[in-house]
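Asker: This is the structure, below, for whatever I ask next.
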Amino acid sequence: MAARKLKIIGAGLAGSEAAWQAARRGVEVELWEMKPQKKTPAHHSDGFAELCCSNSLRSNQLSNAVGVLKAELSALGSLIMEAAYATEVPAGGALAVNREDFSAYITQKIKSHPLICVREGEVTEINPEEPTIVATGPLTSDALAEQISAMVGGGELHFYDAAAPIVDFASVDTSRTFFASRYGKGSPDDYLNCPMTEAEYDAFYHALLSAEVAKLKDFDAASQKDLTVFEGCMPVEVMAKRGYDTLRFGPMKPVGLPVPGTGKDAYAVVQLRRENVAGTMYNLVGFQTHLTFPEQKRVFRMIPGLENAEFMRYGVMHRNTYLNSPGILASDYSVLKYPNLWFAGQMTGVEGYVESAGSGFVAGTQAAQKLLGLDPIPFDDTTVLGAMAQYVSRGTNSKFQPMNANFGVLAPLDRKVKGGKKVRNEALAQRALARVNELRELFG
Ligand SMILES: Cc1cc2nc3c(=O)[nH]c(=O)nc-3n(C[C@H](O)[C@H](O)[C@H](O)COP(=O)(O)OP(=O)(O)OC[C@H]3O[C@@H](n4cnc5c(N)ncnc54)[C@H](O)[C@@H]3O)c2cc1C
């Protein structure tokens with residue numbers, strides 16, 4: 001079959017995987033990487049797929065959605081997963097790697113692939129007619145980010161991630177909470193309210209004031225300065241420092257939310273907003289934060305009803321270039337307006353090393369299928385790979401936010417299972433792996 005050409009910009013986790021998958025299908029790839037000529041403030045080495053922070057690819061267990069995603073990628077022949085297992089270091093239930101060996105493995109494989117031509121240099125322009133995957137990551141260079149912003153429309157490319165934590169609904173103690181929208185406006189199901197007494201607020205407030213904040217890297221410190229410009233992005237702990245009652249007049253405002261049984265307003269209320277149609281995930285409204293993850297767990301579990309909350313995503317605040325993908329991307333990561341242009345990696349609104357590699361896997365595969373005149377691979381939302389792709393293209397009820405792999409994005413089971421969340425997640429994992437097994441024959 002005649003090889004067709006695909007340009008890929010960025011040789012990070014997503015771009016490397018996309019290049020490998022496209023070349024594996026017989027497409028000629030031109031892979032552009034600005035390192036070593038130019039580096040983002042977080043990248044230091046010259047190799048591809050650099051892990052710029054932790055060396056962990058997180059849980060390796062099927063009880064965790066990222067563990068299922070890794071199993072799916074391994075089964076389908078992912079280069080990132082092959083490299084990870086080849087350079088693994090002991091890390092208990094997690095998959096951690098020797099980062100230099102990991103990057104060297106991938107760089108060597110890509111550079112020696114006969115269909116991949118590596119080009120060094122910063123790409124500053126995109127021609128949407130030329131088949132291209134943009135995988136330049138959360139720290140995309142400024143010139144390219146400007147171009148992308150102009151192409152997708154102002155306001156559709158975000159530069160900061162100021163996200164509130166998301167909890168698993170099944171872990172909320174609903175005997176301490178109530179469903180209601182403020183002043184009875186809108187559907188009551190959309191908000192779950194956690195009312196606080198004065199004593200509970202007082203304890204929570206002081207814990208928040210003294211909680212440990214994540215250390216800022218130099219480049220984050222710069223973006224943090226800019227963040228102060230946007231009041232809407234203010235971390236909840238910073239707001240608390242403005243005064244004892246500031247939160248009670250802000251995100252913890254109790255008015256218009258009478259507590260059932262008493263009919264009176266509570267002293268303060270934390271509102272959780274439904275994050276997905278199935279109602280399996282809720283975000284803490286207005287609780288964007290820069291606390292460390294363990295401190296978020298400790299302090300936010302002081303909120304009535306959240307004593308045993310499972311955090312599906314912690315709040316984050318950092319420089320993060322990502323598209324407001326719903327309405328811009330299709331579920332194969334192509335741009336609805338420009339069918340020959342795909343995005344992959346953190347830029348699409350997936351969050352994390354493995355998730356970025358996963359989106360590169362899907363984008364590279366589907367771009368190759370299209371260039372070769374073949375049908376797309378039918379990834380669907382029974383697999384984490386397909387469900388993440390659908391999440392970025394459809395979003396949820398609330399403002400679109402980057403998301404780690406989690407069981408909440410998967411299609412619900414079509415049968416009831418007894419035994420609680422653990423059993424349900426096991427069933428979801430088994431269903432995902434069975435589906436991937438069916439897809440394997442399409443991967444040769
Ligand atoms: C500081 C920081 C720390 C993070 N830590 C973690 C963590 O510990 N664990 C985790 O799971 N996730 C982490 N993430 C989130 C995310 O998973 C990683 O950023 C991940 O590397 C994203 O993969 P990617 O392929 O989308 O982008 P990247 O891996 O960043 O790859 C993008 C590549 O594109 C290149 N590039 C950029 N602009 C251009 C251009 N114009 N022309 C050519 N090349 C270009 C870059 O040099 C880079 O090599 C972190 C993110 C940041 C910003």
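Asker: To test your reading of the geometry: what angle, between 0 and 90 degrees and rounded to tens, separates the Cα axis of helix 13-24 from the longest principal axis of the chain?
Answerer: Tilt relative to the chain: about 40 degrees.
Asker: Distance between Cα centroids, the range 48-124 to the range 282-336: provide it in whole Å.
Answerer: 24 Å
Asker: GNM on the chain, C-alpha springs below 10 Å: top fluctuator among K185, K215, K70?
Answerer: The residue with the greatest mean-square fluctuation here is K185.
Asker: Which residue fluctuates the most in the chain, going by a Gaussian network model with Cα springs under 10 Å, if the choices are Q369, Q108, Q271?
Answerer: Sorting by GNM fluctuation, first place goes to Q108.
Asker: Using Cα atoms only, what is the angle between the long axis of helix 65-75 and the major principal axis of the chain, expressed in degrees (0 to 90) to the nearest 10?
Answerer: Compared with the principal axis, the helix lies near 10 degrees.
Asker: Same structure, new question: Among the GluC sites (Glu not before Pro) in the range 114-184, which ones are in a DSSP loop with at most 13 other Cβ atoms within 10 Å of the Cβ? Mind listing them?
Answerer: Those satisfying the criteria are E125, E129.
Asker: Could you list S149, S16 in order of exposure, starting from the residue whose Cβ has the fewest other Cβ atoms within 10 Å?
Answerer: Result, fewest neighbours first: S149, S16.
Asker: How much of the calculated P(r) for the range 166-314 lies past 26 Å, in percent of all Cα pairs?
Answerer: Counting pairs separated by more than 26 Å, the tail of P(r) holds 24 percent.
Asker: Does the chain classify as rounded, prolate or oblate by the C-alpha gyration tensor (a ≥ b ≥ c root eigenvalues; a/c under 1.5 gives rounded; else a/b over b/c gives prolate, otherwise oblate)?
Answerer: Because a/c hits 1.5 or more and a/b exceeds b/c, the chain counts as prolate.
Asker: Excluding the sites themselves, what is the longest stretch of the chain that contains no chymotrypsin sites (Phe, Trp or Tyr not before Pro) in a DSSP loop with at most 12 other C-beta atoms within 10 Å?
Answerer: Within the chain, the longest run free of exposed chymotrypsin sites (Phe, Trp or Tyr not before Pro) spans 1-229.
Asker: Return the aspartates and glutamates within reach of K422: Cα separation strictly under 18 angstrom, same-chain partners fewer than 8 residues apart disregarded; answer none if there are no such residues.
Answerer: D168, D173, E310, D414
Asker: With a 10 Å Cβ neighbour count serving as the proxy for reagent exposure, in which order, fewest first, do M302, M312 appear?
Answerer: On the way: M302 16, M312 24.
Placing the least packed residue first, the sequence is M302, M312.
Asker: Under a 10 Å cutoff between Cα atoms, tell me which one of G352, G261, G92 has the largest fluctuation in the Gaussian network model of the chain.
Answerer: The residue with the greatest mean-square fluctuation here is G261.
Asker: Another question about this same structure. Name the residues whose placed amide hydrogens come within less than 5 Å of the amide hydrogen of A268, ignoring near sequence neighbours (fewer than 5 apart) on the same chain.
Answerer: M196
Asker: In addition: Can you tell me the mean projection area, over all orientations, of the convex hull of the range 136-192's alpha carbons? Units nm², please. Mind dumping the intermediate values first?
Answerer: Working: hull surface 27.1 nm².
The orientation-averaged projected area of the Cα hull of the range 136-192 comes to 6.8 nm².
Asker: For helix 420-439, what angle does its Cα long axis make with the longest principal axis of the chain, in degrees from 0 to 90 and rounded to 10?
Answerer: 20 degrees
Asker: Net charge near H44: determine it from the other residues with C-beta under 10 Å of the C-beta of H44, scoring Lys and Arg +1 and Asp and Glu -1. Mind dumping the intermediate values first?
Answerer: Values: positive: K35, K39; negative: D46, E50.
The answer is 0.
Asker: Scan around M312 for amide H atoms under 5 Å from its own, H built in the peptide plane at 1.01 Å from N, and keep only partners 5 or more places away or cross-chain.
Answerer: Amide H to amide H, under 5 Å and 5 or more residues apart or across chains, M312 pairs with I166, V167, D168.
Asker: Further, regarding this structure: Stokes-Einstein at 25 °C, 0.890 mPa s, Kirkwood radius from Cα pairs: D for the range 31-133 in µm² s⁻¹? Intermediate values should be presented prior to the final figure.
Answerer: On the way: Rh = 15.3 Å.
Answer from the Stokes-Einstein relation: 160 µm²/s.
Asker: Can you sort C53, C194 so the residue with the fewest Cβ neighbours within 10 Å comes first?
Answerer: C53, C194
Asker: Here's another thing I want to ask about it. In a solvent-free Debye calculation with one equal scatterer on each Cα, what is log10 I(q)/I(0) for the range 285-433 at q = 0.09, 0.18 Å⁻¹, listed in the order of the q values?
Answerer: Reported log10 I(q)/I(0), two decimals: -0.34, -1.14.
Coordinate-derived values only; no laboratory data. These numbers come from a predicted model, not from an experiment. Using ideal geometry, Cβ is built from the backbone for each residue, glycine included, and neighbour counts are taken over all protein chains shown.
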